[in-house]
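Enquirer: Below you'll find the structure I mean.
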Amino acid sequence: MALVHGGQLQQVAKQYNIPTQDWLDLSTGIAPISYPIPPIPNSAWQQLPQHNVDLVNAAKHYYQCSELVVTNGSQAIIKALPTLYQQQNPNSKHVYLPERGYKEHAQAWKVAGYKLHFYQDSLPELTQLPVNCVVVIINPNNPTGQFFKLELISQYHCALKKLNGLLVVDEAFIDVMPTEQSYCTLANDNYVLVLRSFGKFFGLAGIRIGFLVANEHWCNTFKELLGPWQVNNPAQIIAEQALVDTNWQKTQKAKLNELTTAQVEMFRQVFTDYILLDIKGCDLFLTLSFKQPTTAKQLYHLLCQQAVYCRLADEQDTLRFGIVTTDSIKRLEKALQLACAQITYLKPYNLIAL
């Protein structure tokens, strides 16, 4: 079963009969500012992808790890891992995942025949974890913004080591968080894997490159499984330069934080206290929850009618917005104001009457 994701602009544009070029697409958590594409030599297009030592070294330095695998995005690892892990640990039957989070994780483990257990704001109790189990942590979580400190994750790593289990940490959005909170430096045994995404923070999701940070055993296992030519040469060249460009990275973090702060302020000005419940997220996306469960779905359709595309949660009760640039924030604000003027919601006195 195909899952619904953000970024389906062509499909949504067709649904609302508005040309794609007229849309403000805020449906993903991809940075609105992209790393500038360097010149690509002709040989990069003409030759099969080679093992790029310079890229690997740049990635090891950026992620502060000793071993990693360059992949065609982290999705390749997410899809292959459950079946591969069950082959290595046939007694593994249970996986613990966030109830709200990137749904491809749950889908992959379900297809592999695992029994799924979901946790909400808090990680599952350590004392309740069975032997040979798997725990998946998305840090920070997309879309809830939930962020677990390194010290807490380390406790689960130690526990799973004793239980002969596996810890999977998806750090797709962690580039905007403090560097020392990444678990990459501790991914050095058979009981932990860390997934890193390149395209989100660097604003280049279209080049499809990611990294698996793990020990030598896991890296060799996935290299053998995935085979050669995983990532095209142009993508490798771009990623190598971006990963060593510390000045650009510093500027990007500051700019994303500035844009996020402005967007949060705008949301709070547009929405009244009896509509908006909370704003969560990080400097790559913001998720809005509302005091009435029907508000999100109504707002989503009203915004789409104005060619503003955000992500309606699968549960239909929250909206996730990508970070908007300074040039586009006024358009988003006006669209939200118009949508709020049309939305059907209970007045405060009605809420009291109920």
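Enquirer: Per the Kirkwood definition applied to all pairs of different Cα atoms, how many angstroms is the hydrodynamic radius of region 42-244?
Expert: 17.2
Enquirer: A further question on this structure: Over region 42-244, calculate the relative contact order: mean separation of alpha carbon pairs under 8 Å at least 6 apart, over the residue count, as a percent.
Expert: Numbers: 342 pairs, mean separation 57.4, N = 203.
Contact order relative to length: 28 percent.
Enquirer: Another question about this same structure. Pull out the extension gain between Glu216 and Leu338, defined as 0.36 nm times the separation in residues minus the alpha carbon to alpha carbon distance; nm, one decimal. Intermediate values should be presented prior to the final figure.
Expert: Values: separation 122, 0.36 × 122 = 43.92 nm, distance 5.49 nm.
Length gained between Glu216 and Leu338: 38.4 nm.
Enquirer: Moving on. Given (1) 78, 56, 34; (2) 61, 55, 36; (3) 61, 47, 35, which label gives Cα extents along the principal axes in Å as computed from the coordinates?
Expert: Computing Cα extents along the principal axes in Å and matching it to (1) 78, 56, 34; (2) 61, 55, 36; (3) 61, 47, 35 gives (2).
Enquirer: Would you mind putting 6-16, 298-308, 162-172 in packing order, based on average other-beta-carbon counts within 10 Å, highest first?
Expert: Per-residue mean Cβ counts within 10 Å order the peptides as 162-172, 298-308, 6-16.
Enquirer: Report the paramagnetic label zone for Leu84: residues of region 135-155 whose backbone N is under 20 Å from a point 7 Å from Cα along the Cα-to-Cβ axis.
Expert: Residues 135-139 fall inside that zone.
Enquirer: Roughly how tilted is helix 295-304, in degrees to the nearest 10 and between 0 and 90, from the longest Cα axis of the chain?
Expert: Helix 295-304 sits at roughly 90 degrees to that axis.
Enquirer: With n ≥ 4 as the cut-off for DSSP H runs, can you work out [θ] at 222 nm for the chain, using -39500 (n - 2.57) per run divided by the number of residues, rounded to the nearest 500? Could the numbers behind the result be given before it?
Expert: Working: 12 runs with 138 residues, N = 354.
The helix contribution divided over the chain gives -12000 deg cm²/dmol.
Enquirer: Quote the relative contact order of the chain in percent (integer), defining contacts as alpha-carbon pairs under 8 Å separated by 6+ residues.
Expert: Details: 590 pairs, mean separation 80.5, N = 354.
Relative contact order here is 23 percent.
Enquirer: Just to be sure I understand: of the beta bridges DSSP finds with both ends in the chain, what percent are antiparallel, rounded to 5?
Expert: Working: 21 of 39 bridges.
The antiparallel proportion sits near 55 percent.
Enquirer: For region 229-274 and region 80-123, what is the separation of their C-alpha centers, rounded to whole Å?
Expert: So the two Cα centres are separated by 29 Å.
Enquirer: How much length is gained if the chain between Gln8 and Gln292 is pulled fully straight, taking 0.36 nm per residue apart and subtracting their Cα-Cα distance, in nm to one decimal? Before the final figure, lay out the partial values.
Expert: Working: separation 284, 0.36 × 284 = 102.24 nm, distance 2.64 nm.
Taking Gln8 through Gln292 to full extension adds about 99.6 nm, to one decimal.
Enquirer: What spacing in nm lies between the two simple spin-label points modelled at Gln46 and Lys250, each 7 Å away from Cα in the Cβ direction?
Expert: Inter-label distance under the simple model: 4.0 nm.
Enquirer: Could you tell me the largest-minus-smallest coordinate of the C-alpha atoms of region 166-231 on each of the three principal axes, in descending order and whole angstroms?
Expert: 30, 29, 14
Enquirer: Quote the FRET efficiency, to the nearest 0.05, computed for Arg331 versus Gln155 with a Förster distance R0 of 51 Å and r equal to the Cβ-Cβ distance. Kindly include the intermediate steps, with their values, before the conclusion.
Expert: Details: r = 45 Å, r/R0 = 0.88.
For R0 = 51 Å, the calculated efficiency reads 0.70.
Enquirer: While we're looking at this one, here's another question. What is the helix-to-structure angle for 246-270, meaning the angle in degrees between its Cα long axis and the longest Cα principal axis of the chain, kept from 0 to 90 and rounded to the nearest 10?
Expert: Compared with the principal axis, the helix lies near 30 degrees.
Only the coordinates and a few stated rules stand behind these numbers; no lab work does. Because the structure is a prediction, the values reported are computed rather than measured. Cβ atoms come from the backbone with ideal geometry, glycine included; neighbour counts cover every protein chain shown.
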